[in-house]
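The values are calculated or read from the model by the stated rules, or taken from the named source; none is laboratory data. Every value quoted in this text rests on a predicted model; they were computed, and no experiment measured them. Please note: Cβ atoms are built from the backbone with ideal geometry, for glycine as well, and neighbour counts cover all protein chains shown. The accessibility values were calculated without ligands, DNA or RNA, using every heavy atom of the protein model including side chains. Shrake-Rupley method; radii C 1.70, N 1.55, O 1.52, S 1.80 Å.
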Amino acid sequence: MRSLRARLLALVLGLVAVVWAGAALLTWRDARYELDALLDAHLAQAATLLVAQFSHELDELELEYEHFPGNRYEQRVAFQVWGREGRRLLFRSANAPRAPLGDARGGFRSVRVDGADWRVYSTRATSEDGDEDERLLIHVAEPLSVRTNLAAGISLHLLYPLGLTLPLLGLLLWWAVSVSLRPLTALAQAVQQRRPDNLSALPEQQLAELAPLTQRLNQLFARIARLIDNERRFTADAAHELRTPIAAIQAQLQVAQGVSGPIARKHALQQALDGCRRATHLIGQLLTLARLESQAGVALERCELGELIAGVVAELAPEALRRGVELALVVDKPVLLAGWPALLQVLVRNLLENALRHAQGASLVEVRIGTEPGQGSRLSVCDDGQGVIAAEREKLGRRFYRPADTLADGSGLGLSIVRRIAELHQAQLHFESGSTGRGLCVVVRFGD
Amino acid sequence: MRVLVVEDDRLLGDALQAGLKQAGFGVDWVSDGLAASHALALEPYAALVLDLGLPGRSGLEVLGHLRRSGRRLPVLILTARDTVQDRIQGLDQGADDYLIKPFDMGELAARLRALIRRSSGQPAPVLELHGVRLDPAAHAVHYQGQPVTLSAREFALLQVLMLEAGRVLSRTQLEERLYAWGEEIESNAVEVHVHHLRRKLFARLIVTVRGVGYLLPRPEPA
């Protein structure tokens, strides 16, 4: 795992080293330039001195010049004195080569003699009598490496402190970074040491960089807590809701056991069977709702809403007929949408069954699909029964909620299922009163 | 003994009515809280069987209303809510007993009998006066050690009179305690049952207070 601290440290130290090295390079260039000027001036000066000396006391002999080393740069300076128009070497320093370091032209130049690079200053000295033959040619030279070494030395001296200070800087940086990262470390520890079921909020962060993180985490914790709480409540509710039909079945069976007449017994047994049907229906609805929670991964399909609904209407038509209710499908405009066909059918079936079974005094149940300007597609299931008063309407769709005075037995889950399916399709569920002021309209508005 | 059952589930309500009738209770059944409060205000029930999750007015509200109006009638809560918290809340609101669904019909009847017995200051399960011994659980009556066969109605009448021994009860009061709604009451039913009881047991067991009602006297302290 990569460490933020190590990364920060490496980055800062690396940058410091690069900048420092850059400074050293610049210094080297600058020093080299200044050295050139300075040492050239030296060469010229030395040449002047030599000229001054040799123009008076000319010796026929080629002399060796004894040299006493002064400082470490001095012995690098070499010279040659040539007479006879540069044809005869009159005099040279011990470190000077025998080969000429230059020609008759005066001034500065860089030359290569016997494999060594020299910086040479040449000058001419004429004797007092003006004899051309007596003219001296003087070369004062210095190995180029002297200059390079000098400049490099200066630059290296600049680099030595870097070598010493870099580890120190590293230590200090390590400390500084550690101190700066302490809130982050504390946060990581707090999160790490949490029990998995601890969903309480993390303490508020004072740091601008960390505040969004803890805020988001806390939002996430709150959401998960809400979800878990919902699930828990749902499971508890579901268990409780199953208890009532089971209690009814048990009680009816005990009545059947104790009753004397065959008609009363048959009635009790019939009621017990009804109870079993109710429990089965409730379990079916619970399973549907549970399956909906894991729907998100399944791919969407293109659905022609009218076709889907026609199938459901056809399925429920016999029941509607038995109840004396007319069932109708009106397509104002065909609706195509991306969705899960099986779920949309469950949605429509639940709405239709609700209308058929719970709308008291209804004689017509109408499914209508179409589009609304600017509001996307719309699906509505309307009945012309007694309707539901506004106060009760808000409670519709709560799990296990059954309005007062309901004659029919339901699980109280149908609209929860409808609502969940609508949510999965990014659709919204509304309850309205029927167009004529009678009955209940359940409207599903699809986005896009 | 007439009891009121408040249960919104159609199947369960039906079963409670039939089952408690089998156990010898007169049973009225309503399916929402408001109807329950109205019935309680009008009729002299011996006990109340109350579901908590009711439409209209919740079971706990019915209970609170009942207790605020000073009624001491025993209340048995019948509910699917089984957490300790739910039970504590129910009992603290003034319930006398708590039974969780699903339940045994026999247990429910036994608990109701116990509640009614206690509420009438009669700790022994078996009532015994003047040599008449009435066992509500076994639905049996003995007189001087001999079993006596009584109809359900005669049994109920004798039970009411024994529970309220020493008090004069009017014909209407007796009818209210015996008959559930919708049950046919013959014009002289109480007289007829009293007559039968006197014949099957002994004549001076039940005293007629002319123009007022009937009385089962308490035995004189010896």
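The listed residues are B:Ala47, B:Ala36, B:Ala41, and the only one of them that is away from chain A (no Cβ under 13 Å) and open to solvent by less than 30 Å² (accessible area, probe 1.4 Å) turns out to be B:Ala47.
From the list A:Ala268, A:Ala279, which residue is outside any loop (DSSP other than H, G, I, E, B), closer than 30 Å to B:Ala15 by Cβ and within 9 Å of chain B (Cβ to nearest Cβ)?
Details: A:Ala279 fails: within 9 Å of chain B (Cβ to nearest Cβ).
On inspection, the qualifying residue turns out to be A:Ala268.
Only a single criterion out of (1) touching a helix residue (DSSP H, G or I) at 6+ places or on another chain (Cβ under 7 Å); (2) at pLDDT 90 or above is not satisfied by A:Leu316, namely (2).
Scanning the stretch A:306-345 for residues that are among the hydrophobic types (A, V, I, L, M, F, W, C), part of a helix (DSSP H, G or I) and either without any contact (Cβ under 8 Å) to a residue 40 or more places away in the chain or more than 23 Å from A:Ala362 (Cα to Cα) (or both) yields A:Leu308, A:Ala310, A:Ala314, A:Ala317, A:Leu321, A:Ala342, A:Leu343, A:Leu344.
Please pick out the residue among A:Ala359, A:Ala427, A:Ala408 that is among the small types (Gly, Ala, Ser), modelled with pLDDT of 85 or more and open to solvent by less than 70 Å² (accessible area, probe 1.4 Å).
Values: A:Ala359 fails: modelled with pLDDT of 85 or more; A:Ala408 fails: modelled with pLDDT of 85 or more.
Going through A:Ala359, A:Ala427, A:Ala408 in turn, the sole match is A:Ala427.
State whether one or more residues within the stretch B:10-32 are over 20 Å from the mean Cα position of the chain (by Cα), within 14 Å of chain A (Cβ to nearest Cβ) and either under 26 Å from A:Leu269 (Cβ atoms) or open to solvent by less than 30 Å² (accessible area, probe 1.4 Å) (or both). Looking through the stretch B:10-32, at least one residue is over 20 Å from the mean Cα position of the chain (by Cα), within 14 Å of chain A (Cβ to nearest Cβ) and either under 26 Å from A:Leu269 (Cβ atoms) or open to solvent by less than 30 Å² (accessible area, probe 1.4 Å) (or both). Taken together, the residues in the stretch A:26-81 that are at pLDDT below 80, surrounded by 12 or more Cβ atoms within 10 Å (Cβ to Cβ) and of a type in the set (D, E, K, R) amount to 2.
Residues are listed down the side, and each one gets a yes or a no for (1) farther than 20 Å from A:Val325 by Cα; (2) among the hydrophobic types (A, V, I, L, M, F, W, C):
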{"site": "A:Val346", "(1), (2)": "yes, yes"}
{"site": "A:Arg349", "(1), (2)": "no, no"}
{"site": "A:Glu353", "(1), (2)": "no, no"}
{"site": "A:Gln360", "(1), (2)": "no, no"}
{"site": "A:Ser363", "(1), (2)": "no, no"}
{"site": "A:Arg378", "(1), (2)": "yes, no"}
{"site": "A:Asp384", "(1), (2)": "no, no"}
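Restricting to the stretch B:18-57, name every residue that is within 23 Å of B:Ser120 (Cα to Cα) and part of a helix (DSSP H, G or I). Within the stretch B:18-57, B:Leu20, B:Lys21, B:Gln22, B:Ala36, B:Ser37, B:Ala39, B:Leu40, B:Ala41, B:Leu42 meet the criteria. Among residues of the stretch B:86-114 that are within 14 Å of chain A (Cβ to nearest Cβ) and small (Gly, Ala, Ser), those with a beta-carbon under 6 Å from a residue that is assigned to a loop (DSSP other than H, G, I, E, B) and open to solvent by 20 Å² or more (accessible area, probe 1.4 Å) at least six positions away or on a different chain give the pairs B:Ala109/B:Ala23.
Got at least one residue in the stretch A:176-194 being open to solvent by 40 Å² or more (accessible area, probe 1.4 Å), polar (S, T, N, Q) and modelled with pLDDT under 85? No, because not a single residue in the stretch A:176-194 is open to solvent by 40 Å² or more (accessible area, probe 1.4 Å), polar (S, T, N, Q) and modelled with pLDDT under 85.
The set of residues in the stretch B:72-85 that are charged (D, E, K, R) and touching a residue at least 40 places away in the same chain (Cβ under 8 Å) contains only B:Arg72.
Please find, within the stretch A:363-396, the residue that is most open to solvent (accessible area, probe 1.4 Å) out of those that are of a type in the set (Gly, Ala, Ser) and within 24 Å of A:Gly306 (Cβ to Cβ). Walk me through it before giving the result.
The first filter runs over the stretch A:363-396 and keeps only residues of a type in the set (Gly, Ala, Ser), leaving A:363, A:370, A:374, A:376-377, A:380, A:385, A:387, A:390-391.
Among the residues that remain, those that are also within 24 Å of A:Gly306 (Cβ to Cβ) are: A:363, A:370, A:374, A:376-377, A:380.
Numbers: A:Ser363: 61, A:Gly370: 6, A:Gly374: 88, A:Gly376: 13, A:Ser377: 12, A:Ser380: 3 Å².
The extreme case among them is A:Gly374.
Taking the criterion of being exposed (fewer than 14 other Cβ atoms within 10 Å of the Cβ) and farther than 27 Å from B:Asp96 by Cα, the residues of the stretch B:132-146 that qualify are B:Gln144, B:Gly145, B:Gln146. When each of A:Phe221, A:Phe234 is tested for being modelled with pLDDT under 85 and either within 14 Å of chain B (Cβ to nearest Cβ) or surrounded by 16 or more Cβ atoms within 10 Å (Cβ to Cβ) (or both), the lone residue that passes is A:Phe234. When the residues of the stretch A:378-405 are narrowed to those that are at pLDDT 70 or above and touching a helix residue (DSSP H, G or I) at 6+ places or on another chain (Cβ under 7 Å), which ends up farthest from the other protein chains (Cβ to nearest Cβ)? Here the residue is A:Leu379. Being of a type in the set (Gly, Ala, Ser), part of a loop (DSSP other than H, G, I, E, B), out of contact with any Pro (no Cβ under 8 Å at 6 or more places or on another chain) and open to solvent by 30 Å² or more (accessible area, probe 1.4 Å), is that true of even one residue in the stretch B:147-167? The answer is yes; a qualifying residue exists.
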